[in-house]
Amino acid sequence: GVSFAIGASRFAILLAGAGFDVAWWILFRAYLVAGFFNLVLPGAILGDVYRVWDVRRTAGEGSRALGIVAVERLLGFSALGCFGLVAAPFIPLPAEDRYLVIMLMAGCALIAGVTGFALHPMTNRLMRSTLRPIARISTRAASAIDNALLAVSDLAEAPRVLWRAFALSLLNQGLPVAAVGCLAIPLAGDVAWYWFAIIVPFVTLVSIIQIGRAHV
């Protein structure tokens, strides 16, 4: 329940940073409905679609809301990577297997750094350069993508907004880790904390991907 409130607060911060004025309770309601959809369909896609639609219905700008939801997802990915970076060095492995920890940390660092790459102005310009071929097929689609990228660009120029949203992402991703740890203590009290900080974010990551969720 707390995670919905935190998610709504993070979304509100990002929306405000991009110039939207949407009441917090509307976003909280959207998170509750989106959370229900995410339990029904894999990949958490329908929940994101609903939140974009809800912002468009309230503020009249669905394309820019799409870009903000994308940034929100990226911040969540980065938070998951940070959990892995913190926990991986504590995994007790023999000296000959320490390379596994290095590989795990490299993967986590890549996940943690994906937001910085996606928000870089050069990446934004590169993505916008692909709009011309899309415009030949559908001017409306190209315009929607351009508006989404403009919202991402606006947020990239507001580092304070991004850091505040990232802090909430860390808190939001930490709640499931704490919850699973608390539930596991009566069953396996000798399991170290770093296993929860590795496994729970990993399951969260693959559950966002439709194929990964099917395998889980």
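Of note:
- By a 1.4 Å probe calculation restricted to protein chains, Ile102 has an accessible surface near 120 Å², given to the nearest 10.
- Under the span-like rule (Cα at least 20 Å along the axis, Kyte-Doolittle mean at least 1.0), DSSP H helices of the chain: 2-17, 24-40, 62-87, 98-112, 159-184, 193-208
- Measuring with a 1.4 angstrom probe and ignoring ligands and nucleic acids, Trp193 comes out at about 130 Å² accessible.
- Per residue, in Å², the accessible surface of region 72-216 once ligands and nucleic acids are set aside, probe 1.4 Å: 61
- For region 104-173, carbon and sulfur atoms together expose 67% of the accessible surface, with a 1.4 angstrom probe and every protein chain in place.
- When all protein chains stay in place and ligands, DNA and RNA are ignored, the 1.4 Å accessible-area order of Trp25, Trp53, largest first, is Trp25, Trp53.
- Rounded FRET efficiency, nearest 0.05, which uses the C-beta distance separating Ala23 from Arg128 and R0 of 22 Å: 0.10
- The residues neighbouring Leu131, those whose beta-carbon lies less than 13 Å from its own, together hold a net charge of +4 under the Lys/Arg +1, Asp/Glu -1 convention.
- Theoretical ellipticity at 222 nm over the chain - DSSP helices of four or more residues, -39500 (n - 2.57) apiece, nearest 500: -26500 deg cm²/dmol
- Computed on protein heavy atoms with a 1.4 Å probe, the accessible areas place Ser169, Ser3 in the order Ser3, Ser169, largest first.
- List Thr115, Thr130, Thr204, Thr139, ordered by accessible area with a 1.4 Å probe, largest first: Thr139, Thr130, Thr204, Thr115
- Largest GNM mean-square fluctuation across Leu155, Leu32, Leu80, computed for the chain with C-alpha springs under 10 Å, falls on Leu32.
- Length-normalised contact order of region 49-112 in % [C-alpha pairs under 8 Å, at least 6 apart]: 33
The values are calculated or read from the model by the stated rules, or taken from the named source; none is laboratory data. On a predicted model such as this, the values are computed, not experimentally measured, just so you know. For neighbour counting, all protein chains shown are included, and Cβ atoms are generated from backbone atoms with ideal geometry for every residue, glycine included. For the accessible areas, the whole protein counts, side chains as well, though only heavy atoms, and no ligand, DNA or RNA atoms are used. Shrake-Rupley method; radii C 1.70, N 1.55, O 1.52, S 1.80 Å.
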